[in-house]
Amino acid sequence: MAARVLGVIPAKARSRRAPGKNMRPIAGKPLIDHTFDAAKAARTLTTVCLTSEDPDILAHAKAAGLETVTRDPELSGDAVHASVPIIAALETLGGAAAFDYCVMLLPTFPLRTAATIDAVVARSVDAADNVLSVSALGKTIHHLRTLTDDGRIRHITEEKLTNFQSQDAPLLHTLNGICYCAPTEPLLRERSFHYGDPIGHVTDHIEAWDIDTEDDMRFAEFLLKARM
């Protein structure tokens, strides 16, 4: 039997650095619609749901044919991790009795593709484990530094190599938030997509463009129009 997979889009109304960004137009349609389109085109998602505290966003999602779950306003604060309203929506829609896997689809990645969603879900289902999207940094731990308050450079590792080559250590990757997938039972138990020993799925750097500021909005508009 095919896996029952729930994709959840958590979309709150407020944004500190780009006010109202989820519903603002970018490349001819609201930012959030780019995630709607990718999610609906993904072949691995059984159901796509949006969770929000905002009536306008909820109505917009319903008009687009998505399931909706009204989010408790307390789950929309700046300190609340995105996984919290996602897990709440999963539980509202039946939890592990209704779905085998759950997918996090943040609405701030307008260049995310259906192919990436399908690839992450397929790896998660094949391994029966959690899969997190990552981007390659092209650097090793020996390249990284911190700065002191007075601007002095400090190593972040006790092994202080100087004239090193990239092959002297594994290349680093960073979590990017494009698409996370996990089996529902451990997700509900651990209350996080980041439990255990997750699998990393490397994604394209352009796809990982995340909308957080006004400059991010402008550059994403340029990238999306270049794709057309």
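Rule-based calculations on the coordinates, nothing more; no lab input. Please read these numbers as outputs of a predicted model, since none were measured by experiment. Virtual Cβ from ideal backbone geometry, glycine too; neighbours counted across all protein chains shown.
Relative protection proxy for 184-195, 124-135, from highest mean packing down: 124-135, 184-195 (other beta-carbon atoms within 10 angstrom).
Amide H contacts for residue 4 (H built 1.01 Å from N in the peptide plane; partners 5 or more residues away or on another chain; cut-off under 5 Å): 100, 101. Phi angles across the range 19-26 convert, under the Karplus curve 6.51 cos²θ - 1.76 cosθ + 1.60 with θ = phi - 60°, into 3J(HN,Hα) values of x, x, 4, 4, 9, 6, x, 8 Hz, Gly and Pro given as x.
At an R0 of 35 angstrom, the distance between the Cβ atoms of residue 79 and residue 1 translates into a FRET efficiency of 0.35.
Close amide H pairs (under 5 Å, H built 1.01 Å from N) link residue 50 with 9, 67, 68, 69, residues at least 5 positions away or on another chain. For the listed peptides 138-150, 67-79, 51-63, 202-214, a ranking on the average number of other beta carbons within 10 Å per residue, highest first, reads 51-63, 202-214, 67-79, 138-150. A full extension of the chain between residue 143 and residue 171 corresponds to an added length of 9.1 nm, given 0.36 nm per residue minus the alpha carbon distance. In the chain, the calculated helix contribution to ellipticity at 222 nm averages -9000 deg cm²/dmol per residue, counting -39,500 (n - 2.57) for every DSSP H run with n ≥ 4. FRET efficiency for the residue 56 to residue 127 pair, using the beta carbon distance and R₀ = 30 Å, is estimated at 0.20. Descending by average beta-carbon neighbour count within 10 Å, the peptides 105-111, 174-180 line up as 105-111, 174-180, the highest first. Here, P(r) means the percent of Cα pairs in each 5 Å bin from 0 to the largest distance; for the range 1-127 it is 2, 11, 22, 24, 21, 12, 5, 2, 0.
For the chain, the pair-distance distribution built from all alpha carbon pairs, in bins 5 Å wide starting at 0, is 1, 7, 13, 16, 18, 16, 11, 8, 5, 3, 1, 0, 0 percent. Here's the list of lysines a cross-link from residue 29 could span, going by alpha-carbon distance under 24 Å and ignoring same-chain residues fewer than 8 apart: 12, 21, 40, 62, 225. State the Kirkwood hydrodynamic radius of the range 121-228 in Å, one decimal place, computed from all pairs of distinct Cα atoms. In the range 121-228 this quantity evaluates to 17.0 Å.
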